Amino acid sequence: MPILGILASAITGNLVTTAYESIATVSVGSPQATVSFTSIPATFTHLQVRAIARDAGGNGEIKIEFNSNTTTTDYRKHVLYGDGSSAYSGSANNNTCSPIAYSGQTANAFEAIVIDILDYANTSKNTTIRTLFGKDLNGSGDVGLHSNLWVNTAAVSQIDFKVVGGSNFAQYTQFALYGIKGA
Amino acid sequence: MAAGPTYTPIATQTLGSAAASVTFSSISGSYTDLVLIINGGTTTNNQFRLNVGNGSIDTGANYGNVQIYGYSSTVASGGETNSTNPYLGVASTTNSTRIIQFMNYANTTTYKTLLNKGGDLGQSQYDASVIVWRSTSAINTIQINTNGGNISSGTTLTLYGIAAA
């Protein structure tokens with residue numbers, strides 16, 4: 001069974017669709033600081049989060065936390081991205097996983113984000129994720145890939161998304177969590 | 001907790017002969033996201049491009065994009081402003097693969113943002129890009145085209161719908 005979404009670069013024909021399930025969705029009605037998925041079942045092989053997001057206030061980033069672990073240095077990241085003029089790469093010991101469109105930018109523009117969380121229930125491996133993100137503001141914007149590592153072998157049962165360096169997730173932000181089964 | 005299976009095939013088109021474009025129309029608004037997978041190429045070294053719309057294809061200057069791409073040992077970034085036919089990526093007679101994510105395509109409150117990723121061996125390039133359609137209308141029509149040539153015979157385009165809980 002191939003992994004769906006941004007990992008499925010060579011699929012032809014129709015997929016076995018019963019392997020991909022919607023688990024839960026959070027739609028932001030009024031600005032809120034955190035979007036959480038709790039009590040995530042361990043019955044899937046991989047998770048995927050699909051989101052559109054906007055910051056109601058300042059220019060921040062989105063960070064991801066697993067199992068309420070807020071210790072930033074328990075996370076790692078590498079990033080490759082472009083802004084329409086130049087390409088950049090870098091790394092850091094933190095858990096930011098995507099930029100976010102914010103209130104000072106084009107109205108109605110949202111960051112689009114697809115996150116794959118691989119082997120999330122395996123208790124022998126640190127948890128690895130990767131993210132494809134982007135927004136276009138008609139003359140500026142960003143597109144890129146993040147890889148993140150949570151240096152912990154616990155199964156992931158809770159995921160929290162927070163805005164760091166900004167304020168709150170704006171109205172119409174939506175995060176949807178999906179599970180992908182193995183054979 | 002799980003709400004049930006999704007990632008539903010909506011339509012597949014396989015070209016029996018080369019064509020200037022492929023269109024998916026009357027797309028249901030009952031999903032949260034759409035995913036379009038392209039496996040194929042073009043009849044000459046060329047580019048895949050795209051238009052979307054509601055009821056008909058929008059060819060106005062209502063698109064923009066930001067790209068990042070690598071070729072040989074170089075990585076670079078570029079973009080288009082006020083585009084009428086935004087760039088997806090290079091294509092050639094060698095098979096290309098491309099996946100386009102249409103995020104929250106049916107909502108009527110936000111601009112529509114697409115995430116696109118693909119590669120082409122013939123032109124030795126791999127890319128990712130974000131495309132915006134500056135409209136709050138729902139997308140129910142998608143057209144894949146090129147910047148002048150034809151899409152190759154045998155190219156397969158499959159559209160999937162993903163419904164959130």
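FYI, it's all coordinate maths here, none of it is from the lab. Computed from a predicted model, the values in this text were never measured in an experiment. Ideal geometry is used to build each Cβ from the backbone, glycine not excepted, and the neighbour counts take in all protein chains shown.
Answer rounded, prolate or oblate for the range B:8-162, using the Cα gyration tensor with square roots of eigenvalues a ≥ b ≥ c: rounded when a/c is under 1.5, else prolate when a/b is larger than b/c, else oblate.
oblate
Assign unit charges at the C-beta atoms only (+1 for Lys and Arg, -1 for Asp and Glu), then state the dipole size of the protein assembly as shown relative to its Cα centre in Debye, rounded to the nearest 20.
Computed charge dipole of the protein assembly as shown: roughly 180 debye.
Spin-label point model (7 Å from Cα, Cβ direction): what's the A:N126 to B:S28 distance in nm?
4.3
Taking 22 Å as R0, compute the FRET efficiency from the Cβ-Cβ separation of A:L149 and B:S73 and round it to 0.05.
0.25
Let me confirm one metric for peptide B:133-140, namely the mean number of other chain beta-carbon atoms within 10 Å of its residues' beta-carbons.
Mean number of neighbouring Cβ atoms from other chains: 1.
Project the alpha carbons of the range B:1-60 onto their principal axes and report the range along each, largest first, in whole Å.
49, 27, 19
For the range A:74-169, what are Rg and Dmax over the alpha carbons, in angstrom?
Just the Cα atoms of the range A:74-169 yield Rg and Dmax of 14.6, 45 Å.
Based on the mean of other Cβ atoms within 10 Å per residue, sort peptides B:142-152, B:34-44 so the most packed one is first.
Ranking the peptides B:142-152, B:34-44 by packing returns B:34-44, B:142-152.
When you look at the Cβ of every residue in A:86-94, what mean number of other chain Cβ atoms sits within 10 Å?
Counting Cβ atoms of other protein chains within 10 Å of each residue's Cβ and averaging gives 2.
So how far apart, in nm, are the two label points at A:S91 and B:T93 if each is 7 Å from Cα heading toward Cβ?
Distance between the two pseudo-spin positions: 4.3 nm.
From Cα pairs below 8 angstrom and at least 6 apart in sequence, can you work out the relative contact order of chain B, rounded to a whole percent?
Relative contact order, chain B: 41 percent.
How would you rank A:S147, B:S129, B:S26, A:S68, going from fewest to most other Cβ atoms within 10 Å of each one's own Cβ?
Lowest count first: B:S26, A:S68, A:S147, B:S129.
For B:L15 and B:N45 in the same chain, what is the full-extension length gain: residue separation times 0.36 nm, less their Cα-Cα distance, in nm?
9.0 nm
Evaluate the relative contact order of the range A:23-180 (contact order divided by residue number), counting alpha-carbon pairs under 8 angstrom at least 6 apart; express in whole percent.
Relative contact order comes out at 43 percent.
Mind putting together the pair-distance distribution for the range A:20-59? All Cα pairs, 10 Å bins, whole percent per bin, short to long.
Binned Cα distances yield the sequence 20, 49, 24, 7.
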